[in-house]
Amino acid sequence: MSAETARLDLRLVPAAVTAWAVTAAGIAWGAGPVLGALCAAVALGWSVACGLSGRGRPWVRAAAAGVLGATVLGAGFGVAAGLRSEAARTHPIGQRFGTTAWVTVQPVESPRQTGNGRLMFRSDLLGVAGRAMTGAVIVFASAAEFGQLGAGQPARFRARISRPTRRDLTVAVITAVGRPTAGRASAVQRAARQVRDRFAATAREVLAGDQAAILPGLVLGDTSAVTAATTAEFRTAGLTHLTAVSGANVTIVCGAVLLTAQFLGPRPAVGLAALALVVFVVVVQPTASVLRAAVMGAITLLAVLSGRRRQAIPVLSATVIALMVAAPQLAVDLGFALSVSATAALVVLAPVWSARLVDRGWPKPLADGLSIALAAQLVTAPLVAAVSGRFSVIAVLANLAVALVIPPITVLGTAAAALVSLWPAGAGLLIRFTGPEVWWLLRVAERAAALPGAAVPVPAGWAGVLTVGAAAVAAVVLWRWRWFRLAAAGCLVCAAAWSVSGVVSGP
């Protein structure tokens, strides 16, 4: 490993962490102004202390600049978070909490099923009772009446207005009590929806029922047809991330375009990859989560293509800071935290672990796959445990088992989505080729979820973060000792034997 790849440029990390933490605290607890004032005081005190202790020493100047930059940035983000939080708290719609009125909204995503014939979608508020208003709202409605509503399609209906249940800059929760009068989405959004609908229809024509239901989720993030049983299996097996658009999807799509366009030269190839990225985001729907995935995937692709991990961390840090400015609600979004942590693990931990395994004689593809799965599981497990109250024991093995089929599913599926409006027969042929891979993925999820002890209960909330996080850190620290590795191997053998005995003997 070269010196360049061994040393990571961490200079922007304190600023990114400070901006993220201050924004999250400002939105969740309304502590933005207090934290901003605290950051300003720390910046002032640190500057005075460093000036008195050794102004001429290079390391003192570097430390002073780093702390000063982070705290000044934190002060600014604290004030901004306080203003945004106060604006959401005092929004005019608050005067109508508990009442019913005519509202006009514009969905920013396709509706998602919540069960019992109901659905939910995030929207931009356009008006209430004939009065123009703006703000982010969450809408709950009947699937029978709102099922055909798409992203970007304005709708007016009568609804009950309630106080938001989460502090994420949402100004209200709206429950529809009347049928909607839908408007017309933009031409781009109509075209994107047409692609998604035709892709799902073609999949139903050429694939088995369970495969046709899951494929749009794997390729385009459309999980509307996925059954509750399949969702539960994927969650237990630690494969839920595959049914949402993530940085991995973006990396695979752009990487495939780059590889196939190499004969054009590096600059045209990069241009085509950028164009593919834009089209992919538009078709999938440019929600905050998709944009986040696009950015994180582009960062991972940059690190993979350049082979220079040192550049990835500054870009990731700068991206976090920029997103805190453009979309501060992401600071309290679990998906954002999972994306950032997983991206950091893939460019920081996975290459180091893979190199060590290769040095010990492991084949590089196997070393890369195991390192990526372990790194992603290590950093995301505490966050997943905090929300679900469960820890998937089988997640690493399940992700390794399906690692080889995800790229062909993504590439073939994306190519089929691109062709489905121009050449339906060709798109159907490509979708048919994904059948064996999707079948394997479903069987792995089913078998993994059926294993006894595949997921164990853990504390939820902050207790889960601390418990699982402490266990993960302890495992990494103790792994250097042989006795710990032998004990871990013994526990793994016992767990495998218990699971196999449960499968053989039955419930």
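Observations
- Probe 1.4 Å, all protein chains present, accessible-area order of 91, 241, largest first: 241, 91
- Taking 0.36 nm per residue of separation and subtracting the current Cα-Cα distance, fully stretching the chain between residue 362 and residue 466 would add 34.1 nm.
- Gain in span if fully extended, residue 163 to residue 191, counting 0.36 nm per residue against the direct Cα distance: 6.6 nm
- Convex hull volume per residue for segment 328-426, taking Cα atoms only, in Å³: 156
- For the Cα trace of segment 408-481, dividing Rg by the Kirkwood Rh returns an Rg/Rh value of 1.28.
- For a modelled paramagnetic label at residue 482, 7 Å from Cα along Cα-to-Cβ, no residue of segment 359-388 is in reach, as no backbone nitrogen comes under 13 Å.
- Cβ-Cβ FRET estimate between residue 475 and residue 433, R0 fixed at 30 Å, reported to 0.05: 0.15
- Inter-probe distance in nm under a simple model that places probes 7 Å from Cα toward Cβ, at residue 145 and residue 9: 5.5
- R0 of 45 Å, Cβ-Cβ distance residue 456-residue 106: FRET efficiency to nearest 0.05: 0.60
- Largest to smallest accessible area among 121, 433 [probe 1.4 Å]: 433, 121
- Rounded to the nearest 10 square angstrom, residue 120 shows an accessible area of 40 square angstrom against a 1.4 Å probe.
- Placing 196, 179 in order of accessible area, with the largest value first and a 1.4 Å probe, yields 179, 196.
- Rel. contact order, % - alpha carbon contacts under 8 angstrom, at least six apart, segment 325-445: 19
- In terms of packing, defined here as the mean over residues of other Cβ atoms within 10 angstrom, the peptides 355-365, 162-172 line up highest first as 162-172, 355-365.
- Residue 224 - accessible surface, heavy atoms, 1.4 Å probe, Å² rounded to 10: 70
- For segment 404-448, the C-alpha radius of gyration divided by 2.2 N^0.38 Å, with N the number of residues, is 1.25.
- Theoretical gain in end-to-end length, residue 38 to residue 224 [0.36 nm per residue, Cα-Cα removed]: 62.4 nm
- Calculated on the Cα set of segment 99-223, radius of gyration then Dmax: 15.6, 49 Å.
- R0 of 25 Å, Cβ-Cβ distance residue 327-residue 282: FRET efficiency to nearest 0.05: 0.90
The values are calculated or read from the model by the stated rules, or taken from the named source; none is laboratory data. No experiment lies behind these values; they were computed from the predicted model shown. Reconstructed Cβ throughout: ideal geometry from the backbone, glycine too, with neighbour counts over all protein chains shown. Note: areas computed on protein heavy atoms with side chains; ligands, DNA, RNA excluded. Shrake-Rupley method; radii C 1.70, N 1.55, O 1.52, S 1.80 Å.
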